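J.: Handing you a structure now.
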Amino acid sequence: MDIQAVKEKLAEMSSLVANMYLDALKSLNAHDEALAQSVIGRDTRADQLELEIDEMCLRFLARYSPKASELRFVVAILRLIVELERVGDHSKVMARQVAKRHLAPMLKALPEFQEISILPYQMLNEAMDAFLSGDAARYEVIIKTDETVGTLQNSLNESLVNLIKRDTSRTGPAISLINILRRQERIADHAKNIAELVPYVMSGEVVKGRALA
């Protein structure tokens, strides 16, 4: 297996799904249906890249008897591409909301939404940089950011539920935003899962679910 070729494919897939997420957000904020459709269309390429990387890894396993460090790397990649593919799926679902709801006015009234929105994107880029560079020290920073995402999500959910109680005519848009927040929280989780692969690749250490002091 050409390690550099695999890393280049991973970088392409990561950039693709990260930009899908950003453009999904832009389409929601601007109610841009053309941009939303572009996000939806790019999901096919994300699926193709997942298959290409999967095939590269499986060919390597079939042809060679990898040593422990190589085997950990391949196993991590096979897990990582699933995480990236799911980021693409969540972004696609977010973009589909544009055709269903006009959410821009409500988003403008929720400054916390803009605050939470950038964090999954930052986490994903940080996690991929850590994986491609082998920098396990970044894991704890990403975990702390994930905690912030959870806190903001809970606060926004509470605000939206209270909004529904005050004005039932806004129930539909509010529920759509609650679902979008859930997608953002899941993307943050996928970034965290990628970060957890770094110490595994470097030393075999399994850190999934480990609480930070």
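Readers should treat all values here as calculations from the given coordinates under stated rules, not as data from a laboratory. These figures come from a predicted structure and were not determined experimentally. Neighbour counts are summed over all protein chains in view; Cβ atoms, including those assigned to glycine, are modelled from backbone coordinates with ideal geometry.
J.: What does the net charge come to around ALA99 if you take all other residues with beta carbon closer than 14 Å to its beta carbon, with K and R at +1 and D and E at -1? Could the numbers behind the result be given before it?
T.: Working: positive: LYS92, ARG96, LYS100, ARG101; negative: ASP32, GLU33.
Overall, the nearby charge balance is +2.
J.: For the range 3-203, what is the relative contact order in percent, using Cα pairs closer than 8 Å and at least 6 residues apart in sequence? Could you put the intermediate results ahead of the total?
T.: Working: 228 pairs, mean separation 57.8, N = 201.
Taking the mean separation of contacting Cα pairs over the length of the range 3-203, I get 29 percent.
J.: Let me ask something else. Would you look at the GNM of the chain, springs on alpha carbons closer than 10 Å, and say which of ALA76, ALA95, ALA68 moves the most?
T.: In this elastic network of the chain, the residue with the biggest mean-square fluctuation among ALA76, ALA95, ALA68 is ALA68.
J.: Hey, another quick one. For ASP47, what is the net charge nearby, where nearby means another residue's Cβ is under 12 Å from its Cβ and Lys, Arg count +1, Asp, Glu -1? Kindly include the intermediate steps, with their values, before the conclusion.
T.: Details: positive: ARG42, ARG45, ARG86, LYS92; negative: ASP43, GLU50, GLU52, ASP54, GLU85, ASP89.
Taking every Cβ under 12 Å from that of ASP47, the sum is -2.
J.: Just the number, please: Stokes-Einstein D of the range 1-111 in µm²/s, Kirkwood Rh from C-alpha pairs, 25 °C, 0.890 mPa s.
T.: 161
J.: With unit charges on the beta carbons (Lys and Arg positive, Asp and Glu negative) and the dipole taken about the Cα centre of the range 3-203, which residue among ALA30, GLN4, THR148 sits farthest to the positive side?
T.: ALA30
J.: If you place +1 on the Cβ of every Lys and Arg and -1 on the Cβ of every Asp and Glu, how big does the dipole about the Cα centre of the chain come out, in debye to the nearest 20? Intermediate values should be presented prior to the final figure.
T.: Working: 27 positive and 30 negative charges, 113 e Å.
Taking the Cα centre of the chain as origin, the dipole is about 540 debye.
J.: Counting other beta carbons within 10 Å of each residue's own, what order do SER14, SER176, SER91 fall into, fewest first? Please list the in-between numbers first.
T.: Values: SER14 25, SER176 19, SER91 29.
Final ranking by Cβ density, sparse to dense: SER176, SER14, SER91.
J.: For the charge dipole of the chain, defined by +1 on Lys and Arg C-beta atoms and -1 on Asp and Glu C-beta atoms about the Cα centroid, which residue among GLY88, PRO105, SER14 has the Cα displaced farthest towards the positive pole?
T.: Of the candidates, PRO105 comes out farthest on the positive side.
J.: Determine which lysines satisfy two conditions relative to LYS26: a Cα distance under 29 Å, and not lying fewer than 8 residues away in the same chain.
T.: The qualifying lysines are LYS7, LYS9, LYS92, LYS100, LYS108, LYS144, LYS165, LYS192.
J.: Also: Please arrange HIS102, HIS190 by counting, for each residue, the other beta carbons lying within 10 Å of its beta carbon, fewest first. Numbers along the way, then the final one.
T.: Numbers: HIS102 12, HIS190 23.
Ascending number of Cβ neighbours within 10 Å: HIS102, HIS190.
J.: While we're here: Could you work out the helix-only [θ] at 222 nm for the chain, with each DSSP H run of four or more residues adding -39,500 (n - 2.57) and the total divided by the number of residues, to the nearest 500 deg cm²/dmol?
T.: Only helices count here, giving -30000 deg cm²/dmol.
J.: Only counting other Cβ atoms within 10 Å, I'd like ILE164, ILE40 sorted with the fewest neighbours first.
T.: Values: ILE164 16, ILE40 20.
Fewest-to-most ranking of ILE164, ILE40: ILE164, ILE40.
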